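In what follows, a structure is listed as structure tokens, so that the remarks can point back to it.
FYI, it's all coordinate maths here, none of it is from the lab. This is a predicted model, so every value here is computed, not measured. We place every Cβ from the backbone using ideal geometry, glycine too, and count neighbours over all the protein chains shown.
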Amino acid sequence: MKVAVIGGGVMGLATGWALKRRGHEPVIFEQFEIGHARGSSHGRSRIFRLAYAEDEYVRLAQEALGLWRELEAESGETLLELHGLVEIVRTLEESTAATLERCGVTWERLDRDAAKRRFPIQVPDGSFAVVQPEAGIARADKALSAFARGLDVREGERVTPDEVEAEAIVVTAGPWVNELLDEPLPVKTTRETLCYFRPDAGGRPVPSVVSFKPGRHTHEMYSLHDPVYGLKVGAHHAGAEADPNTPGEPDAALVERIAAWANETYLLADPEPVAAETCMYTTTADESFILERRGRLVIGSPCSGHGFKFAPAIGERLAALAVDR
Ligand SMILES: Cc1cc2nc3c(=O)[nH]c(=O)nc-3n(C[C@H](O)[C@H](O)[C@H](O)COP(=O)(O)OP(=O)(O)OC[C@H]3O[C@@H](n4cnc5c(N)ncnc54)[C@H](O)[C@@H]3O)c2cc1C
């Protein structure tokens, strides 16, 4: 069966990997090069966590964890570095502890002092930490290469579905998705800002740390280990709507807000960011993922700023939609 994939970001490459494991030889079209900085999958790290308020995301992350381990074994690369996820909360209800408990996922409560002894972080007065140990980062750059290994990836080829000869075409075009569809998806594209800092970790592991929007289980601020600078920090769903075809710069007001939170939350060797960059979100109203078939097309729009960790499991689902009939 002839299968093609439009989009060589993490979702297209993970789908290619899943198709290859089913014995297919997909062709992956990518308008730029793998790892380019204009979409959503570039950079060195993304948060990997099982900690979600919704059971289905915990289950999907658990499935993805098994597949990440298979990809590590296949590629010989370490793709997950799990130094823990810390949720900074004022009450247990604000955290994901209840869902983790229900799903049998290990978690731990640490008071301010205990958190500070274990990690190079500061927990505000009146708050405590909920720690999910089997979490941390996925090495984004290494993951793209590991998925792409052995795949027929056509870099520098921008295509539309009409131009592609295949029985099934998987469209994983990130923020460009609606350029390729007759009927657009209900998504919004934003340009997000993130910054890098040098933590003063004193040899302790840098965990991923998140805070929540008041009264919701949606992250407000997030941070994670960066293999080069040490720390990457961002504000979730804070960027302005943007067209991915128009280049853009980090938002100065967001850089300030991110730096303030980073200085409150981490012990830093330098209070100023050492670098800043942008990245695109493609977001649905409820932050869920769109995985559907429309005739010859299989459409994958699994972002909303939290899709990367699930990539191998989403790749499996998109491959199944393409070839399991
Ligand atoms: C700042 C930021 C922080 C994030 N943090 C996390 C995190 O901590 N944890 C987590 O799990 N997730 C996180 N995410 C989300 C995650 O990175 C995305 O969900 C994921 O990368 C989406 O991948 P994608 O393949 O769908 O999109 P993309 O990476 O954008 O890939 C789409 C590809 O399609 C190509 N393309 C488009 N149109 C065409 C065409 N016509 N022809 C050929 N090629 C085409 C594009 O060039 C692009 O390479 C974050 C995202 C951002 C932006």
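Brief remarks follow.
- Net charge dipole, the chain: roughly 660 debye, given to the nearest 20, about the Cα centre with Cβ charges of +1 for Lys and Arg and -1 for Asp and Glu.
- Note on the chain: helix-only mean residue ellipticity at 222 nm, from DSSP H runs of 4+ residues weighted -39500 (n - 2.57) and normalised by residue number, equals -8000 deg cm²/dmol.
- Total formal charge among the other residues, if their Cβ is under 12 angstrom from that of T78, Lys/Arg +1 and Asp/Glu -1: 0
- Relative contact order computed over region 140-264 (Cα-Cα under 8 Å; 6+ residues apart), in percent: 23 percent
- Two-site FRET efficiency, Y229 against R296, from Cβ-Cβ distance with R₀ of 41 Å, rounded to 0.05: 0.40
- Here the spin labels are modelled as points 7 Å beyond Cα on the Cα-Cβ line, and at E25 and D182 they lie 3.2 nm apart.
- Candidate lysines for bridging to K2, where Cα separation is under 16 Å - those fewer than 8 sequence places away on the same chain excluded: K20
- Separation in nanometres of the label points that stand 7 Å from Cα toward Cβ, at E256 and S145: 3.9 nm
- Pairwise FRET efficiency - K116 versus D270, Cβ, R0 = 25 Å, nearest 0.05: 0.80
- Alpha carbon convex hull of region 1-95, volume per residue in cubic angstrom: 141 Å³
- FRET efficiency for the pair T284 and A73, taken as 1/(1 + (r/R0)^6) with r the Cβ-Cβ distance and R0 = 35 Å, rounds to 0.60.
- Within the chain, longest stretch clear of exposed GluC sites (Glu not before Pro) (DSSP loop, no more than 11 other Cβ within 10 Å): 166-325
- Sequence-distant contacts, meaning Cα pairs under 8 Å at least 6 residues apart, place the relative contact order of the chain at 26 percent.
- On the principal axes of its alpha-carbon atoms, the chain has extents of 60, 42, 37 Å, going from largest to smallest.
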